[in-house]
1. Restricted to segment 404-452, and to residues that are over 21 Å from Ile275 (Cα atoms) and of a type in the set (S, T, N, Q), which residue is surrounded by the most Cβ atoms within 10 Å (Cβ to Cβ)?
2. Where residues in segment 118-136 are surrounded by fewer than 19 Cβ atoms within 10 Å (Cβ to Cβ) and over 17 Å from Ala197 (Cβ atoms), which of them is farthest from the chain's Cα centre (by Cα)?
3. If we scan segment 2-15, do we find a residue that is assigned to a helix (DSSP H, G or I), at pLDDT 70 or above and among the polar types (S, T, N, Q)?
4. I'd like to check something: does segment 58-73 contain any residue that is modelled with pLDDT of 80 or more, polar (S, T, N, Q) and under 30 Å from Arg136 (Cα atoms)?
5. What number goes with the only condition from (1) outside any helix (DSSP H, G or I); (2) touching a Phe, Trp or Tyr at 6+ places or on another chain (Cβ under 9 Å) that Leu337 does not pass?
6. Taking the conditions exactly as written (touching a residue at least 40 places away in the same chain (Cβ under 8 Å), out of contact with any Ser or Thr (no Cβ under 6 Å at 6 or more places or on another chain) and charged (D, E, K, R)), does Arg341 satisfy them or not?
7. Check Val301, Val340 and return the single one that is in contact with a Lys or Arg (Cβ under 7 Å, 6 or more places away or on another chain) and at negative phi.
Amino acid sequence: MKNKLKFDKNFYKPMMVIALPVVIQNLISIGLNMIDSIMVGQLGVNPLAAVGIANRVYFVFSMICFGIYSGSTIFIAQYWGVKDLKNIKKLFGMNLFLGTVLSVALSIVVFIFPRQIVSIFSNDITVINDGIIYLRIISVSYLFTALSYAASFNSRAIHKLKAPTIISAIAISINTVLNYLLIYGVAGFPKLGVAGAAIATVIARIVEFVLMFGYIYKSKEHPLAGKLKELMSWDFKMFKNTLKTSLPVIISESSWSLGTTVYYIAYGMIGPSAIAVVQVAYIINDLFQSMFFGVGNAAAVMIGNEIGRNKMDKAYDYSMAFLKITLWLNVIISICLFLVRNLIVNMYNFDPQTNLMLERSLIVFAIYMTPKMFSYMFICGILRSGGDTKFCMYLDLISIWLIGVPLAFFSVLVLNLPIYYVLAVVFSEEIFKLAIVLKRYYSKKWINNLIN
């Protein structure tokens with residue numbers, strides 16, 4: 001199998017079918033997020049910092065959703081391998097239920113306590129006030145986001161990605177146009193600043209939700225188009241079995257997102273400019289990493305499909321092929337990010353000192369892209385597809401909380417380093433993570449059939 005992968009249409013065709021739509025979705029989403037950040041950045045460093053802080057709440061929320069849905073889609077990918085539609089609908093219904101409970105609870109908390117949340121990251125009064133305005137409005141979108149995210153994520157596991165990709169493009173385009181109109185008050189629209197950015201996002205998320213579920217239920221033959229009774233037919237036994245595998249993923253993603261958000265507290269101690277720089281650098285970095293997200297999703301689905309069919313050797317061969325693809329992507333994309341860093345800096349209306357901070361931060365991201373993306377492929381693309389979620393959870397907990405977080409505060413409070421050196425020190429936890437996960441991968445203990 002290893003020698004045949006170069007010409008194996010059974011490998012490359014499904015990989016492209018799964019990876020390309022995810023790459024396109026991410027490019028559109030992150031690319032337009034970059035445009036959004038440029039638009040808000042024109043208002044100044046403080047408004048951009050406020051939106052960046054407020055979006056950390058969404059980031060934690062989206063990562064918890066990612067943990068719930070990716071844990072469930074480990075099963076869905078394996079069920080799809082044997083075309084068990086009944087259990088796929090049950091798991092989709094479970095995802096919708098959990099996403100609804102989580103999003104409603106978070107919306108209530110964020111709407112009531114926005115000042116307390118923003119004040120954790122900054123003591124600048126302008127940043128706090130702008131953050132409060134943005135958070136209260138954006139909290140309305142969490143429910144629609146959770147449900148659309150569930151539909152999109154489950155669609156990946158069953159190789160139905162074309163329509164969700166188009167829908168995401170439509171929704172994000174609406175978001176960008178409305179941002180332009182409402183932030184600056186163009187074409188007779190009110191000039192609302194950060195409030196306009198939040199309103200635009202809420203409208204776009206509602207449109208995305210309507211289009212996504214309209215598409216699914218337009219055809220009763222869609223694998224996810226279950227009746228309410230079918231979607232809610234999961235019982236406690238199924239929930240318990242799914243949670244056994246999903247809970248470590250949920251804990252892992254929640255812990256990782258909370259940990260990286262705690263980094264922002266340390267960054268905020270440097271000042272609003274540091275938060276603004278990190279906000280931009282992460283968006284740019286995610287844009288360049290979009291290809292990896294697509295390949296990683298393809299790896300999780302395709303390896304899971306083969307494990308569900310009990311073809312363990314083929315699953316392992318597929319994993320090796322995905323690692324080779326990851327290596328070449330790292331070489332190309334890291335070099336590209338390094339070369340275009342000054343072009344990126346020139347797109348933002350920052351002062352010279354902040355521009356320098358941004359340029360050097362982008363260099364750090366380019367240097368650390370290789371260990372970060374190999375860790376992503378191993379954990380999210382390979383190990384989790386075989387149900388090895390507990391190992392991944394422990395690794396994430398140790399690397400973030402025992403290495404990354406202490407290094408962040410040590411770098412800021414003790415060493416008084418500028419933001420780009422702080423990022424370099426914090427990202428060193430990725431090297432530790434990669435060294436540990438390599439040993440686990442070669443042991444093959446991660447390959448488990450969860451449905452037989």
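1. Of the residues in segment 404-452, the ones over 21 Å from Ile275 (Cα atoms) are 430-452.
Okay, now just the ones that are also of a type in the set (S, T, N, Q), so 443, 448-449, 452.
Numbers: Ser443: 11, Asn448: 15, Asn449: 17, Asn452: 9.
Result: Asn449.
2. In this case the residue turns out to be Ile125.
3. Step one: filter segment 2-15 for residues assigned to a helix (DSSP H, G or I), giving 5-7, 9-15.
If we keep only those that are at pLDDT 70 or above too, we end up with 10-15.
Pick out the ones that are also among the polar types (S, T, N, Q) and you get 10.
Yes, because at least one residue in segment 2-15 is assigned to a helix (DSSP H, G or I), at pLDDT 70 or above and among the polar types (S, T, N, Q).
4. Looking for residues that are modelled with pLDDT of 80 or more, polar (S, T, N, Q) and under 30 Å from Arg136 (Cα atoms), one finds at least one in segment 58-73, hence yes.
5. The single condition Leu337 does not satisfy is (1).
6. Numbers: touching a residue at least 40 places away in the same chain (Cβ under 8 Å): no; out of contact with any Ser or Thr (no Cβ under 6 Å at 6 or more places or on another chain): yes; charged (D, E, K, R): yes.
The answer is no for Arg341.
7. Values: Val340 fails: in contact with a Lys or Arg (Cβ under 7 Å, 6 or more places away or on another chain).
Criteria check complete, one pass: Val301.
Every residue, every condition in (1) farther than 18 Å from Met15 by Cβ; (2) β-branched (Val, Ile, Thr); (3) in contact with a Pro (Cβ under 8 Å, 6 or more places away or on another chain), yes or no:
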| site | (1), (2), (3) |
| --- | --- |
| Ile283 | yes, yes, no |
| Lys311 | no, no, no |
| Tyr318 | no, no, no |
| Leu323 | no, no, no |
| Ser334 | yes, no, no |
| Arg341 | yes, no, no |
| Met347 | yes, no, no |
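The values are calculated or read from the model by the stated rules, or taken from the named source; none is laboratory data. Because the structure is a prediction, the values reported are computed rather than measured. Here Cβ is always computed from backbone atoms with ideal geometry, including for glycine, and neighbour counts include all displayed protein chains.
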